[in-house]
Amino acid sequence: MKKWLGLALLVACVLPAYAALKSGLAVGEAVTPFKPTHVAGPDKGSTTCPPCKYGNRPAVQVWFNNEDPKVVDDVIVALNRATTAHKAKELKTFAIFLSGKDISKLDDDDAVKLGYPLKCCPNCNCGKVGVAFLSSKDPAVAKYKVSLDKSVKNTVVVYKDKKVVANFVNLKTKEDLSKLNAAIAKAAK
């Protein structure tokens, strides 16, 4: 009996570490309205709802939750390149930073104090990517099924016609970004 109990405890402890992380809306689900505080990009200074304003255009939302700044830089650079590459299809891209604070209006200094750089890199122009903040307590976090578990650093939702066509969790390698680019290309067809 003790042998089986020990085995059950081992499986219960080890198995979750190997389970795929889940976060974000699933393929086929619809994006819903929300109002983040935009601090950079096309909607800077507003609380514009991305799905509302940009309708059925192809779009990407990357929700960051305490992500490493280097990964943030790499993802934002990739989003900016994709936005440029799919300009004819009017691709829209957003980097949404979650904060435990209640966010109403932020300026660049406030954003830096929250721990997220607004300049993706010194040698490129990433102004095509909408950079926004949202309280982790905002109802949109639950509606978008974004996990606040500490192991989930970023959640990516690619959609067109307001329907999710791809979902990724914890993108960080070049291979991961290649998968994101392939999903974006498919959405922008």
If you average the alpha carbon positions of the stretch 17-69 and of the stretch 149-187, how far apart do those two centres end up, in angstrom? 11
Å³ per residue enclosed by the Cα convex hull of the stretch 24-93: 109
The answer for E29, listing residues at least 5 apart or on another chain whose modeled amide H is closer than 5 Å to its amide H, is V164
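Each value in this text was obtained by applying a stated rule to the coordinates, not by laboratory testing. Here the structure is a predicted model, which is why all the values come from computation and not from measurement.
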